[in-house]
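The values are calculated or read from the model by the stated rules, or taken from the named source; none is laboratory data. These numbers were taken from a predicted model, which means no experiment stands behind them. Neighbour counts run over all protein chains shown; Cβ positions are idealised from the backbone, glycine included. These area figures cover heavy atoms from the full protein model, side chains too; ligands, DNA and RNA do not enter into them. Shrake-Rupley method; radii C 1.70, N 1.55, O 1.52, S 1.80 Å.
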Amino acid sequence: MTETLGKTDTLVREIAGTTHAPPPTGRRRRRAVAEEPGKPWMIRVPLVLYLLFTLVPFYWMLVFAVRPTGSTQLVPWPVSFEHFDTVWNDIGFGVFFYNSVVMGLGVLVFVTILSVMGGYALARFRFRGQRVFLLAMLCSQFIPGAMMLIPLFVIFKGLGLLNSITGLVIAEVAFQLPLSLILMSGFIRNISVELEEAAMVDGCSRPRAFFAVVLPQLKPALVAVGSFAFIGAWNNFLFALMFATRQDKFTLPVGLSYTLGEFNTDFGALAAGGVVAAVPVVLVFAVVQRFLVQGLSAGAVKG
């Protein structure tokens, strides 16, 4: 009787579907999700659409830059570099490119050095008014640069810094330094202070401990802060337009604006200038992109 009841109970469970294999875990679960039909397309289709939306404007810019004047081919052939010759030699993009490189490197160096020094002080020392100082730096990011044009113009005119790369570097450093300080201080807080204390116990001074222990671990943060400082200075249009009135002091964004005529526009020259301005930024991101996420995420986490 008992055996018959047991068989009947087993049969009922099988019919009801309550007898299942244990749920997959770990690697089996990931494999089951990966092998689920239709799942990869739900990810790939939006990515492909977004990629097309991003790359098509760059493709059109490249097409206009390398196809001959008057051509309407979607795939330009033969390739012509006449527009690059026009913008580089006739319009003066060689000078604009040099000015942008000098200004970008100057901003990169000063922002990186000052952010490391200030970030270390904010992360390792406590002083009166520290919270107010941090709040002021954060609030400064909400002030549009256009509001500061007239005061800066008057100050730079009095100091003789108009029509100079030095004036542009000072203006860019002043506006990019607050965010860089916040990022760098957050990254330094994530570095264990016990490592510095151990180095100082072994006889190192605080500067020696900083250079031997802290600075080698700041590579991702230095790359993130430096690259964003360079790209911000490279792309800035407003300061270069207002503080540089001589053509030999123009930067690339200002030079691009002068390819737009009042009654007509040379789209080939404009596209060639856009390629010249975009290539350095693309190269910078291609080289440092593996450090950017690590540097930004570390600087955004409070230790």
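Observations
- You will find that of Leu179, Leu222, Leu260, Leu238, the residue that is within 30 Å of Ile150 (Cβ to Cβ) and open to solvent by less than 80 Å² (accessible area, probe 1.4 Å) is Leu238 and no other.
- Members of the stretch 126-162 found to be closer than 29 Å to Val223 by Cα and over 29 Å from the mean Cα position of the chain (by Cα), listed by number: Arg126, Phe127
- Hey, Gly274 touching a helix residue (DSSP H, G or I) at 6+ places or on another chain (Cβ under 6 Å), open to solvent by 30 Å² or more (accessible area, probe 1.4 Å) and at pLDDT below 90 or not: no
- Tally, over the stretch 170-197, of residues that are over 19 Å from the mean Cα position of the chain (by Cα) and of a type in the set (A, V, I, L, M, F, W, C): 6
- Checking each residue in the stretch 66-84 for being aliphatic (A, V, I, L, M) and loosely packed, with under 13 Cβ neighbours inside 10 Å picks out Leu74, Val75, Val79.
- Helices (runs of 4 or more DSSP H) wholly inside the stretch 197-286 containing at least 3 residues that are touching a Leu at 6+ places or on another chain (Cβ under 7 Å): 219-235, 238-243
- Top-ranked residue of the stretch 85-107 - restricted to ones that are of a type in the set (Phe, Trp, Tyr) and under 16 Å from Phe237 (Cβ atoms), ranked as surrounded by the fewest Cβ atoms within 10 Å (Cβ to Cβ): Phe97
- Test set (1) more than 24 Å from the chain's Cα centre (by Cα); (2) open to solvent by 10 Å² or more (accessible area, probe 1.4 Å); (3) of a type outside the set (Ser, Thr, Tyr) - Pro216 fails condition number: (1)
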